[in-house]
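Here is the structure we will look at.
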Amino acid sequence: RDGSTLNVLHSFTNNAGTPTEPQNRNGVNWFLTDMPQLVQDGSGVGITRIVQDTLWFDADDGDYIARFFFREKLSVANAGTSDEVFTLLLPSGHRLKFFGFDSGIEGDLQGQFKSAIDPFGHEHLATYDENERLVAFTMELAISQSSSSSSFAASFAADPGSVGVYAGSISYTYDYYTAGSAAGRLQFVTLTINGVPTRRAEYEYYESGDDN
């Protein structure tokens, strides 16, 4: 996400349980790298971006245990309430938060991406529209003009005036078809840097055949 690439790869699975409406926005059981989400399969929970790399965890007395050998950790807070949130801790120190599956959470938000937290604790929120569709994800940045090292981050956190910085933002916006057979499905993903649209991916759907 450094602005040099726009990674919006689609992948397909036929083993993700019953498709939910948010999945249908990308085609039945199709997943998008920049729209990670949780899926349930029995007592298991999977984190899906690329289907072949889904991370599966099994519930075990309130904890979630990795089904296979990987370093990511999954935890849940406020389980069984409308504030239920799953957090995936990555080896890099980044955290991804997801809405839980409690019945008090809007159906279309259940399992969907909520926010990302960088290793320094800055939380970047996803924005959803009135139909619970992801429409934007923005990251506000503070970047050294002369260094990209962790020492800069520590110096900036301690005394922002002590280093030269460049403040900016990177955002992804998501647009959906409003009419026709593809109405409600993803149409565009646009990468915007400092308010300037930089790259865009466009999706078209077959009007005949099965729902995939």
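All of the numbers you see were taken from the coordinates with simple rules; none came from a lab. Computed from a predicted model, the values in this text were never measured in an experiment. Note that each Cβ is placed from the backbone with ideal geometry, even for glycine, and that neighbours are counted across all protein chains shown.
Each label point is 7 Å from the Cα along the Cα-to-Cβ direction; what then is the distance between the points at Asp60 and Glu207, in nm?
It works out to 5.3 nm between the two label points.
How long is the stretch 46-137 along each principal axis, judged by its Cα atoms, biggest number first, in Å?
Principal extents (largest minus smallest coordinate, Cα): 39, 29, 27 Å.
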